There are 4 protein chains.
Amino acid sequence: MGNTIGKIFKLTSFGESHGEAMGGIIDGCPAGLKIDFDFVQNELNRRRPGQSAVVSPRNESDTVLFLSGILNGITTGTPIGFTIKNENHHSGDYDHLKDVFRPSHADYTYQQKYTVRDHRGGGRTSARETVCRVVAGAIAKLVLAQYNITVQAYTSQIGQIKLSKEYTQLDLTKTETNAVRCPDAAAAEEMIKQIEQTQQAGDTLGGVITCIIKGAPAGLGEPVFDKLHAQLAYAVMGINAVKGFEYGSGFAGTAMNGSQHNDAFSEKGSNANLTNTNHSGGIQGGISNGEDIYFNTAFKPIATIMQTQNALNAKGEIIEMKGIGRHDVCVVPRAVPIVEAMAAIAMVDFILMARTNKM
Amino acid sequence: MGNTIGKIFKLTSFGESHGEAMGGIIDGCPAGLKIDFDFVQNELNRRRPGQSAVVSPRNESDTVLFLSGILNGITTGTPIGFTIKNENHHSGDYDHLKDVFRPSHADYTYQQKYTVRDHRGGGRTSARETVCRVVAGAIAKLVLAQYNITVQAYTSQIGQIKLSKEYTQLDLTKTETNAVRCPDAAAAEEMIKQIEQTQQAGDTLGGVITCIIKGAPAGLGEPVFDKLHAQLAYAVMGINAVKGFEYGSGFAGTAMNGSQHNDAFSEKGSNANLTNTNHSGGIQGGISNGEDIYFNTAFKPIATIMQTQNALNAKGEIIEMKGIGRHDVCVVPRAVPIVEAMAAIAMVDFILMARTNKM
Amino acid sequence: MGNTIGKIFKLTSFGESHGEAMGGIIDGCPAGLKIDFDFVQNELNRRRPGQSAVVSPRNESDTVLFLSGILNGITTGTPIGFTIKNENHHSGDYDHLKDVFRPSHADYTYQQKYTVRDHRGGGRTSARETVCRVVAGAIAKLVLAQYNITVQAYTSQIGQIKLSKEYTQLDLTKTETNAVRCPDAAAAEEMIKQIEQTQQAGDTLGGVITCIIKGAPAGLGEPVFDKLHAQLAYAVMGINAVKGFEYGSGFAGTAMNGSQHNDAFSEKGSNANLTNTNHSGGIQGGISNGEDIYFNTAFKPIATIMQTQNALNAKGEIIEMKGIGRHDVCVVPRAVPIVEAMAAIAMVDFILMARTNKM
Amino acid sequence: MGNTIGKIFKLTSFGESHGEAMGGIIDGCPAGLKIDFDFVQNELNRRRPGQSAVVSPRNESDTVLFLSGILNGITTGTPIGFTIKNENHHSGDYDHLKDVFRPSHADYTYQQKYTVRDHRGGGRTSARETVCRVVAGAIAKLVLAQYNITVQAYTSQIGQIKLSKEYTQLDLTKTETNAVRCPDAAAAEEMIKQIEQTQQAGDTLGGVITCIIKGAPAGLGEPVFDKLHAQLAYAVMGINAVKGFEYGSGFAGTAMNGSQHNDAFSEKGSNANLTNTNHSGGIQGGISNGEDIYFNTAFKPIATIMQTQNALNAKGEIIEMKGIGRHDVCVVPRAVPIVEAMAAIAMVDFILMARTNKM
C-alpha cells in the first residue's frame, strides 16, 4: 500500500533500485495537454546522479519511455504509463548487505514489516524511486504552466552553511548555475567547500530546500483535512530523508506576536499584492490567497558514510561495517527537482479539485 | 471535499461554529472494542474552552452524543455516528464580520473559493471543528491501548519561552498539572506569565507542541508516499494554525553530520532499546522501528488580536477593525489533546493497514 | 468499512434501525446550490413506511434535520451533516431474535463477521438505513436539475406480474398515482391484487424496478473500471435485497445478433436522437452518449414471512420461528425512490468528475 | 480517472491497443506470496486471441514482464509493476476509422469526452486492456489458493443456445476441453455451430458467463455500500461489452415467493452445507455466509460486424462502413478468464479488508 499519491491527478509508482525498471502510471491527467518531451527529459537530467563532482558518480541515462496516454504529443485523458530502465546495476556490490541492517537505513524496518526484502541498493527504499516522481512532476508542471503557475526550489542550507537571505531577495534564475543549486553564488561556494571537506572525512551532510510556488490563484485547498499545506507537507514528507516541513513563517513564526505576524491587507492599488507581508506563506485556513506559496523541507544527513559503524545482522549480532560503493555526500542538491516535482503534483491535484467546488 | 481522514479507520467530520451541531462518523473502527465513555468525555473536557484563566471563557458542555455503532458499550463494527451540540452561540456577535475579511484569517480565502461562506464565528474554519477530532482520537486511543501504545503531547514552547529539556528528561505525567500543559513547572510558570502580559497588551502568541508515541511495534508505515511520518505530518498539519512539522532530529538534524546523526544499533542486551540514540524519531524509511516516535508541531500566533488592524471589506476597501468577543491568547495549551487525537487516528490506521501486509 | 459512496460527491452514512438516529454526511456538494427543503422532505415521504395499505404500517415522521453545510438555504461547500430520528422503535419486539439467525437474513453473516451485532430490527442491515440515501439522493437530484437531468424510476414487475411495455411506451408522470408506483394503471391493479393475496398467505414478493435518466450529456463515465454503468450497478447493488442489475438491452440483448443490436446513427436531422435504437442504454464504452440511460434492478422477495420456518440459534440448533411485527410484503414500491436516489448520487459524482477531464 | 480497482489489493492499468505496451501496477499484494509464473502465463494464454478456430486470429505471445515487487519468485510487499508488449499492431488497418464513429462502439463517446482519442484498434477501449486484469487476477488467484478459495467461470449461453443445467449439475473440470469453454459437451457443440453460422453471415453473438467462487469463508463483504455482491458487480461490469450482472437467484428470483426463496438452515449434521438451498448465492446482507458464491454476467453481441452499416463521421454525416480486419464473432469464450480475474481481484480485496474488522 501507499504507492499512490493524489485524488484526481494520481501517480502510482513501482520499482526497486536493482530491478528491471522503475516506472509509474499517471491517471487523471487532463486530455489535450501538449507534452514537451525535452522538458520532461531535462527534469530527469536535473535529478540524475553524476551531474557534477559533488554528487554520486552512478551514471544512468534515465531515459523515460512513455507507453500510453499520449498520442502525437498530446495527452488523451487515458492513463500515462511509463518506465525508466535500471541500466547500471551492479547487484554484486550489495551481497555483503544481504543479512545486514545498516544504521539509520530502512533495512531493519522493511525486514520487520515484510519479512522479505530486496537488499540490493536499498531496493524499494532507494532514492532511485524518485525518478518516477520527477516524470510525473514534469507533466504536472506542464499542466501548471497552462495556469501560469511556476514551482521553483533551491538549496537554502547544507550542513551548517545556511543562506541568510529570504527568497524574495534572491535571483532564482541563478539556481541552476552551480552544483549545489543555491542561487547565491557566495553561499554556494561555501556549501561546495563544506561538501568537499566532509567527503574527505568520509562523512555526510543534510540541509534544507526552499520551494516557491508563484501564480497560484486564490481558492486552492480543501478544508479541513486536505488543507493546501497539509497535502504539500504530505507530498514532500514522502521524499527519502525528509525530516521536517514548514511553510510561511513556519517554526520561526511561533515566537512572534499576532500583531507582528498578521498579514495586513495592502492599501488598494498601493502594490500588486493582497497583503503587505506574507507570513501566511500564501495559505490561510488551508486555502491559497493568491500570494506566493513558500515552504522549507529539512533533509537529514545521508546514512551511508565511509567510516566504520556498528550494524546489526540477521542473527541479532552487532557487526562492524563501512560504506563502500557510489554514494552522495549530501542529497540536497539532487533533491531540488524532487521537491519541485512533489509540490507540482500536489498543486495540479488541487487545481482539478477546485473545478468541482461550485455549482 | 477533504473532510475525511484515514484509509481504514476513517473520520469524516461536519459542522460550523454557529450551526446546530458539530459531528462526525468514524468508519472502520474494529468490532469488539469496549468504549470507556468517561475517558472520551474527559478528552473532550481537555480540549474545551474555559478550563482556566489563560484560555477562552466560552463555555460549552461539549457532551458527545453517540448515535450508532456501539451496543452495550461495545463497538459493533458499523459506523459510529456522533454529534456535539453548539450550545453557546451568540450569532449576533458576528454581524460586523459579514462583509469583512480579517487579516490572516480564512475569511478571504473561503469567500474566494466558495463565493458563499458562513461568517459566524469563523463557520467551518473555527477551531471548534476540532471537537470531532478529539472524539475520534479518544476512540483511536482506546484501540491503541489494546496494543499498549500511548500518545502523549505537551507544550514545549509558547512565544519566546522554549523548554530546553528533551522529552526524555521530563516527567510527562505532570503535563496536566498546569494551565499551559507544560510538564516542567518552572517553564510553565514563565509561559503563563507571558500569556498574561500578552493578553494585557491585547496581543497573541504561538508556540510548539511535542508529541511522543510509545509502544508502537516495528513495521508500521507504508512506503513510499504513505510513510508513517508523512501521514503524521498530514494529520497534524490539518489542525488550525499549524505552520510546521518535524520528527526525530527534525530541522536541527540538518546541521549534523551523518556520523553524528546515525543511530547506532545498541549492543545486544546492553539496554532495552534497539539503538543508542534516536535521531530517527522511531521511523526509518517511513516505517516504525519500535523506538519512541516523537515530533514537534508549530502553531502560529492567533490572528484575532485586541488591537486595531486593517481589514478588507467586500467592496475591496481597507477598513479598521478590532477584535471583540471571546478569544484565546494562545491556542497551544488547548491544542495538546488535538495533536494527540490526530496522531492517534493516524496510528490506528497504520495498525490496521499493517494487518494486510503479509500472507 | 464500506459506508461511503462516491469519489467527489460523497455520502457517508451511519445508523441502526433501533439506535438513536440515522444520519449521514454529504461531502463534496458544490457551493451555491439552493436547497428546496420541501422537495427533500417529499422524497423522504415517498420512501416512508405506512403510505398505503400495501406497505408496512410502521409510522415515523422521518424528518431530516440538517446540521451544517447550508446557510440561508444555500450550500456553502462544506460538508452537509444530517440526522433522522428513530422515533418508533419497539426494541422489545425483537428480544426473541437476540440469539436467533433468521433464514435469508443477514443475522448469521453479521455475527460471523463481527462477533457482535445489533439484533434489534435488523440493526445496521435494516432497510431503514436507506433513509440516508434518500436525503443525499434528493440533494443530488437538485444538482442534476441544474443540468436538466432527471432520474425517474418505477415498478416494472412484482412477483409474476410483469409490465409488458417499454418505458418509452409509458407515461411516467403516472408513477406516483398508485400504491405500487407502476405507471400502467392496469398492471398496477394486478400487482396490488397479487400483493394482497400474498399477504393473506403470509408470504412475500420480489420484483423489478426500472430507472430512466434523461438529459445526461455525452461524456460522463470514467473508463476503464469506473464505467458509468459499473458505478450505477455498484450504487444500486448496495440497496438491500437487490439481486441483479442490467442496463440497455441487458440480459435479453445476449440473445440478439450484432446486426440487430447495434444502434445505428440516425440520419442527420431526421430526429432529435443520436441513434435510431438505444440498446446501448445511453452508454457506450462506459461513457454516456447523450441518449436516455435506463436500467433494471432485481429485488428478491422479502425474507421475513408470516409462516413458520426453520431458523438457527446461537447454539447451532434448528428451531422453528414465525415472523411477527410490522413488515412489508414487497419492498419494491418503497424502493423506487431509493433506486432513484442511488442513481442520482452516482450521476452527480460523474458530472463533477467530468469537469476535470480536459485541460 | 477510473483506472484503479480495489481498496487494499489494487490494480491500476494502462495501455492502448496499438501503443507500445499494456501494463499495470498491483499495489497491496501481501509479502511472502510464491508466484507461480507458469500459472500466470497460462492464465494469459487462456485469454489470448488465436487459440482456436472460433476466436480472433490476432496472434500475440502476450508474455508478461514483471518489473518489480517480486524477488526470487516471492512477493516483497512492494508494488508489482508489469508490462505486456503490443507485438502485432498493424496501425495502418485503422486509418479509415480516424474520423469515423462506428455504431455501438465507444468512438463517439470518447471523442465527446476527451476531444482527442486514439482511434487505432479502439485505443484504450480495446478489450486488449483486459490482459492487465488477467495478470492481476492470476496473482489474486494465487492469494486465494492460500485460503483454499477457487474461482471458476464457464460459458452458460451463447446467442440463443442456453445451458439448461445449473452449475451444481455440471463437471466444471471440463470447461477447458472445448473452444467455447462450456462444460457441457453437447451444448458446447451447438454453441460452436451457432458461432460458425453467424460468422458466415458476417454477424456476431453475445452470451452469458457463469462464475462460481468456492471456499470463501463466512464474513467477507463490507456493508452497506461495499456489499460483497456490489463490488463483484462493479468489478465485472467494468469488463468490455458487459450489460448485466445477477447473483444467486438473480432476476429469476424476483418471481418467487419468500417461502420458496428463503434458504432454510439445514439440519445439524445432515449435510456439509449451512443451508438446504442457496438462492442467496452465498451472500446475505452483503456478506458471505460460507456457501458457494455464484453469479451471471451478460455480454452483448460484438459491435464490429462484417456487414455494411451506417456510421457517423466527424462532420456529422452518415456514411456506410463495413468491418474489416481481425475480429471475434463472440467475446464470451475468451471473456471467461477475464470474469474469473475480476472476481478474484475483488475477493482478495475483501479477504484483506476482513483482517481489519475485529479487535
Requested in this report: Specify the inter-centroid distance of segment B:1-50 and segment C:13-31, based on alpha-carbon positions, in whole Å.
Outcome: 14 Å
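Take each of the peptides A:213-221, C:316-324, average the number of other beta-carbon atoms within 10 Å over its residues, and list them starting from the highest. Working shown, then result.
Numbers: A:213-221: 21.8, C:316-324: 13.0.
Result, highest mean first: A:213-221, C:316-324.
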Query raised in the report: Remind me, relative contact order of chain A in percent, using alpha carbon pairs under 8 angstrom and six or more residues apart?
Result: 22 percent
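Rounded to the nearest 20 debye, what is the charge dipole size of segment D:273-359 about its Cα centre when +1 sits on each Lys and Arg Cβ and -1 on each Asp and Glu Cβ?
180 debye
Ranked highest first by average number of other Cβ atoms within 10 Å, how do A:190-196, D:249-255, D:35-41, C:171-177 line up?
Working: A:190-196: 19.7, D:249-255: 22.1, D:35-41: 15.0, C:171-177: 13.4.
Put in order of decreasing packing, that is D:249-255, A:190-196, D:35-41, C:171-177.
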**Report entry** Degrees separating the helix C:130-146 axis from the principal Cα axis of chain C, which is the longest one
**Finding:** 20 degrees
Query raised in the report: Any idea of the total accessible area buried by the C-D contact, 1.4 Å probe, rounded to 100 Å²?
Result: 8000 Å²
Report task. Determine the distance separating the Cα centre of segment B:269-333 from the Cα centre of segment B:205-220; give it in Å without decimals. Result -> 13 Å
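Taking R0 as 35 Å, what's the FRET efficiency between B:GLU189 and A:MET359 from their Cβ-Cβ distance, rounded to 0.05? Could the numbers behind the result be given before it?
Details: r = 54 Å, r/R0 = 1.54.
Calculated value: 0.05.
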Query raised in the report: Helix C:332-354 versus the longest principal axis of chain C: what angle, 0 to 90°, nearest 10, using Cα atoms?
Result: 50 degrees
Query raised in the report: For D:LYS227, which sequence-distant residues (separation of 5 or more, or a different chain) have an amide H within less than 5 Å of its own amide H, given hydrogens modelled in the peptide plane?
Result: D:GLU222
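Okay, helix-only estimate at 222 nm for chain A: each DSSP H run of n ≥ 4 adds -39500 (n - 2.57), divide by all residues, round to 500 deg cm²/dmol; what do you get?
Details: 7 runs with 89 residues, N = 359.
About -8000 deg cm²/dmol.
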Report summary line: Helix C:228-237 sits off the longest principal axis of the Cα atoms of chain C, rounded to the nearest 10 on a 0 to 90 degree scale, by 10 degrees
Query raised in the report: If the label for B:GLU166 sits 7 angstrom from Cα along the Cα-to-Cβ line, what are its distances to the same label in every other copy, in nm to one decimal, shortest first?
Result: 3.5, 7.0, 7.8
**Report entry** Label point 7 Å beyond Cα along the C-beta direction, distances from D:GLU196 to other copies (nm, shortest first)
**Finding:** 5.8, 8.4, 10.2
Requested in this report: Could you work out the mean count of beta carbons from other protein chains within 10 Å of each residue's beta carbon in D:273-282?
Outcome: 3
Query - Förster radius 56 Å - calculated FRET efficiency between A:LYS98 and C:GLN307, Cβ distance, rounded to 0.05 - result: 0.25
**Report entry** Eligible lysines near D:LYS193 by straight Cα distance, threshold 22 Å, same-chain separation 8 or greater
**Finding:** D:LYS162, D:LYS165, D:LYS174, D:LYS300
Query raised in the report: For segment A:231-359, what is the accessible area per residue in Å² when the probe is 1.4 Å?
Result: 28 Å²
Query - Cα shape, segment D:107-200, gyration tensor, a/c 1.5 rule - result: oblate
Query raised in the report: With respect to the symmetry axis carrying chain B onto chain C, which residue of chain B exhibits the smallest Cβ distance to that axis, and what is the value in whole Å?
Result: B:THR12, 2
Report task. For segment B:102-140 and segment D:104-128, write down the distance between their C-alpha centroids in whole Å. Result -> 44 Å
**Report entry** Solvent-accessible surface ranking, highest first, for D:HIS96, A:HIS279 at 1.4 angstrom
**Finding:** D:HIS96, A:HIS279
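Please say if the protein assembly as shown is rounded, prolate or oblate, where rounded means a/c under 1.5 for a ≥ b ≥ c the square roots of the C-alpha gyration tensor eigenvalues, and otherwise the choice is prolate for a/b larger than b/c and oblate otherwise?
On the way: a/c = 1.62, a/b = 1.32, b/c = 1.23.
Note, shape of the protein assembly as shown comes out prolate.
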Report summary line: Restricted to the protein assembly as shown, the DSSP antiparallel beta bridge percent, nearest 5, is 95 percent
Report summary line: Expressed as a whole number, the average count of other chain Cβ atoms within 10 Å around the Cβ atoms of D:116-127 is 4
Query - Nearest-10 value in Å² for the accessible area of A:THR78, using the 1.4 Å probe - result: 10 Å²
Report task. Would you list, by chain and number, the aspartates and glutamates whose Cα falls below 15 Å from the Cα of A:LYS315, excluding same-chain residues fewer than 8 positions away? Result -> A:ASP99, A:ASP107, B:GLU267
**Report entry** 9 Å beta-carbon shell around B:ASN278, net charge (K/R +1, D/E -1)
**Finding:** -3
Report task. Provide a whole-number value for the mean count of partner chain Cβ atoms within 10 Å of the Cβ atoms in peptide C:98-107. Result -> 5
Query raised in the report: At D:THR177, label 7 Å along Cα→Cβ: distances to the other copies, nm, ascending?
Result: 5.9, 8.1, 8.3
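The values are calculated or read from the model by the stated rules, or taken from the named source; none is laboratory data. As the structure is a computational prediction, the values presented were derived from the model and not from experiment. Every residue, glycine as well, gets a Cβ built from its backbone with ideal geometry; the counts of neighbours run over all protein chains shown. Just the protein is used for accessible areas: all its heavy atoms, side chains included, with ligands, DNA and RNA removed. Shrake-Rupley method; radii C 1.70, N 1.55, O 1.52, S 1.80 Å.
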